[in-house]
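Report on the structure given below.
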Amino acid sequence: MDCERALCGTAAGRGRTSPRDARPEAKATAPVATSLDRIPAELPRPARVGTGPAPLRRVPLPLLLTGLCLALPVSLLCGAALGASGLSWAEVTRYLWAGLTGGAIGPDEVPAYTIVWELRLPRAVLAAVVGAGLSAIGVAVQAMVRNALADPFVLGISSGAAVGANAVLIFGAMGALGVWALSTAAFASALLAMTLVYAVARTERGLTPLRLVLTGTAMYYGFSAVTTFMVFAAERGEAARSAMMWLLGSLSGANWAAVPIAAGSVLAGLAHLAWSARRLNALAMGDETAAALGVDPRRLRRELFLVSAAVTGAVVAVSGAIGFVGLMVPHAARMLVGADHRRLLAVAPLAGAVLLIWVDVLSRVVLAPAELPVGVLTAVIGVPCFILLMRRRAYSFGGI
Amino acid sequence: MRIDIDALTVEIAGARLVDEVTLGAADGELVGLVGPNGSGKSTLLRCVYRALRPSAGAVRIGGEDLHALTTREGARRLAALPQDAVAEFDFTVAEIVAMGRTPHQGPVARTTDEDRRVCDGALRDVGAAHLAERGFLTLSGGERQRVLIARALAQQPRVLVLDEPTNHLDIAHQLEVLRLVRASGPTVLAALHDLNLAALHCDALHVIAGGRIVASGTPDDVLTADLLADVFGVRAHRVAHPETGALQLLFDLPPAHPAP
């Protein structure tokens, strides 16, 4: 593998007109390249096929952050304005203004106002919260288990939450809690799943990355089996359908009541991760390296496990298991600003928030009045973007 | 700064991997640990850079108990080059070296000019300044090792712990790495596989076998034919380097036992 890396590393010399032309020659000289002393001080730059000879590796952070900070409110506005019932922009802004300031609207406008203020806006806000949470936790979990393929669901917590939610949807469990039953059950069973995963994965050497991933994956299948069984055992077809919707992830149940708990958990999680950004860099380099850098890897991994579980639980409780965001956004952000968690944790949550708002808008309008599961669209949009970025930027992770 | 390991013992799952090891390194010395595979060198060093807690005994740095300091305070005095350098993510060389500043910075503090100066200096010291913007994953083995040494130097440690720093390096880089850490200033404690390298560079050598120290002293005193036969199971011939006169060893396996 080292040879392959050396090949990539020397394929495009600086100042060459075409990186492609340089390839055969680079192959011929690659074995020499492993000896430093024979390399001139002006080293050839890594191949950036498609971006020309200049090593335009990263997007400037201030530019990217400014762009995302502007895109977020615009996206929220669009989330409130776009939908199946065609309201004009003027109407939408008037209702939003009325909602914000408590202004008056005419009695005949109440249905339209309700659509904008009570349905679409909380939904867009929740999409932003969920997108930010999943993206940030994706970054954290990938560093925690030191695996580029990890996502927030690899710990098995989301499928644990699904068990609780489906118990409510299908069997009407916890009916006494009324409208709160679903999210309470989901969150409670997420915490239960977390405790179970922690207890099984824990050894006297603490939580080790591979054990965490294996335990989480095993639990994921276990909980999924329970959910599937419940769907099959259900007598009511409609309940099974909404259980399915919930498994694939959906924001259709969004209302203002769901926002505070989800937003609070996500913001608290983001604060902890921002506080830990430097320690995450050290942890990503290995437990022993982290220890040598003054970071206690066991303690950090324990903290990350708790934060990830709590945020994932809170997010899944309001939106189901929306896939792909937590895997793709961290990688896309890494391609744009590099692997340093201080930059990564600034960009990934904003990008995830904007992405999910638009995905949700699309899921409402593409087959209107029917709604597509969000997970379908995150994949439809995400996969091509991901492949494009990966090919254009000669992105490497895991040494590949 | 002086480092002392005092009656250090490590027991894991009932097995005694390190058994009451006592050794020290004076300020500025390069002290080598040699021993066959599985002798406990790495386990001992892991206790020193605090990836492992010893079952008994102490590590003292400048007279202070290392395990009584916070991990951050400890990392300001002692840096290490562990063997586990995994790189799952595509950090640049500059980012890797900047991690060496972790114990000197608050969690949300911005990178200061001082940090930048130290990191640039560390990269220059290892002759890798031109690699700063390269991705770590695109580097060769020798380049990676130099960058990791730069990260350890950016920690501005008083003591540097190296676990097999010359692994996977070609001969020129093996010679260079030890010269480099020697020139960089801190007291160095290094586990080494190559006995000739150890003989050339170390002020003192400790031979470990079965978790115990079996010999200590200057390379010339320690690396005797008898000891090498006992500990490593090889026949060694001591020769003088034709130019420098330094001790070098030639090895072969003992003759096979005759068939009964």
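The values are calculated or read from the model by the stated rules, or taken from the named source; none is laboratory data. Bear in mind that the values here come from a model prediction, so they are computed numbers and not experimental data. Heads up, the Cβs are rebuilt from the backbone with ideal geometry, glycines too, and the neighbour counts pull from every protein chain shown. When the accessible area is computed, the model is the full protein with side chains, heavy atoms only, and any ligands, DNA or RNA have been set aside. Shrake-Rupley method; radii C 1.70, N 1.55, O 1.52, S 1.80 Å.
Tabulated results
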read-out	value
Residue within the stretch A:262-269 that is touching a Pro at 6+ places or on another chain (Cβ under 6 Å), assigned by TED's automatic domain parsing to the domain that holds A:GLY323 and among the small types (Gly, Ala, Ser) present	no
Residues (open to solvent by less than 20 Å² (accessible area, probe 1.4 Å) and in a helix (DSSP H, G or I)) located in the stretch A:333-353	A:ALA333, A:ARG334, A:MET335, A:VAL337, A:HIS341, A:LEU344, A:VAL347, A:ALA348, A:PRO349, A:GLY352, A:ALA353
Of all residues in the stretch B:40-54 being within 12 Å of chain A (Cβ to nearest Cβ) and in a loop (DSSP other than H, G, I, E, B), the one that is nearest to the chain's Cα centre (by Cα)	B:TYR49
Count of the stretch B:26-50 residues which are over 19 Å from B:LEU195 (Cβ atoms) and open to solvent by less than 30 Å² (accessible area, probe 1.4 Å)	4
Options A:ALA124, A:ALA128, A:ALA112: the member that is in a helix (DSSP H, G or I), in contact with a Gly (Cβ under 6 Å, 6 or more places away or on another chain) and of a type in the set (A, V, I, L, M)	A:ALA124
Count of residues meeting criterion [crowded, with 20+ Cβ neighbours inside 10 Å and modelled with pLDDT under 90] in the stretch B:150-168	2
Scope the stretch A:256-298; condition more than 8 Å from every other protein chain (Cβ to nearest Cβ) and under 13 Å from B:THR102 (Cα atoms); matching residues	A:LEU280, A:LEU283, A:ALA290
Elements of type helices (runs of 4 or more DSSP H) contained in the stretch A:221-310, each with 1 or more residues being under 21 Å from the mean Cα position of the chain (by Cα) and surrounded by fewer than 24 Cβ atoms within 10 Å (Cβ to Cβ)	A:237-248, A:259-275, A:277-284
Options A:LEU372, A:LEU367; residue that is part of a loop (DSSP other than H, G, I, E, B), in contact with a helix residue (DSSP H, G or I) (Cβ under 6 Å, 6 or more places away or on another chain) and away from chain B (no Cβ under 14 Å)	A:LEU372
Pick from the stretch A:199-220, criterion open to solvent by less than 60 Å² (accessible area, probe 1.4 Å) and assigned to a helix (DSSP H, G or I), ranking: farthest from B:ARG46 (Cα to Cα)	A:MET219
B:HIS168, sole failed condition from (1) without any contact (Cβ under 8 Å) to a residue 40 or more places away in the chain; (2) part of a helix (DSSP H, G or I)	(2)
Residues within the stretch B:167-200 that are hydrophobic (A, V, I, L, M, F, W, C), in contact with a Ser or Thr (Cβ under 9 Å, 6 or more places away or on another chain) and over 22 Å from B:SER216 (Cα atoms), tallied	3
Output for the stretch B:113-125, where each listed residue is under 17 Å from A:ASN281 (Cβ atoms) and either open to solvent by 60 Å² or more (accessible area, probe 1.4 Å) or among the polar types (S, T, N, Q) (or both)	B:ARG116
Given (1) within 14 Å of chain B (Cβ to nearest Cβ); (2) farther than 25 Å from A:LEU306 by Cβ, index of the condition A:ALA240 fails	(1)
Hey, B:GLY74 more than 7 Å from chain A (Cβ to nearest Cβ) and of a type outside the set (A, V, I, L, M) or not	no
Test: B:ALA209 is under 15 Å from B:LYS41 (Cα atoms) and over 15 Å from the mean Cα position of the chain (by Cα)	yes
Positions within the stretch B:129-145 being over 19 Å from A:GLY338 (Cβ atoms), crowded, with 24+ Cβ neighbours inside 10 Å and not polar (S, T, N, Q), in sequence order	none
Odd one out for B:ASP90 among (1) assigned to a loop (DSSP other than H, G, I, E, B); (2) more than 7 Å from every other protein chain (Cβ to nearest Cβ)	(2)
Residue that is open to solvent by less than 10 Å² (accessible area, probe 1.4 Å), among the β-branched types (Val, Ile, Thr), within 23 Å of A:TRP256 (Cα to Cα) and touching a residue at least 24 places away in the same chain (Cβ under 8 Å), where the choices are A:VAL116, A:VAL129, A:VAL139	A:VAL116
Whichever residue in the stretch A:321-358 is more than 12 Å from the chain's Cα centre (by Cα) and over 23 Å from A:ARG391 (Cα atoms) and, among such residues, is nearest to the other protein chains (Cβ to nearest Cβ)	A:ARG342
Any hit, the stretch B:55-70, residues being in contact with a helix residue (DSSP H, G or I) (Cβ under 7 Å, 6 or more places away or on another chain) and at the interface with chain A (Cβ under 7 Å from one of its Cβ atoms)	no
Conditions (1) over 22 Å from A:VAL129 (Cα atoms); (2) at pLDDT below 80; (3) in a helix (DSSP H, G or I); number of the one not met by A:PRO384	(2)
Verdict on B:ASP84 being facing chain A (nearest Cβ under 9 Å), assigned to a loop (DSSP other than H, G, I, E, B) and crowded, with 17+ Cβ neighbours inside 10 Å	no
Residue in the stretch B:59-74 that is in contact (Cβ under 8 Å) with a residue 40 or more places away in the chain, touching a His at 6+ places or on another chain (Cβ under 9 Å), of a type in the set (A, V, I, L, M) and open to solvent by less than 50 Å² (accessible area, probe 1.4 Å) present	yes
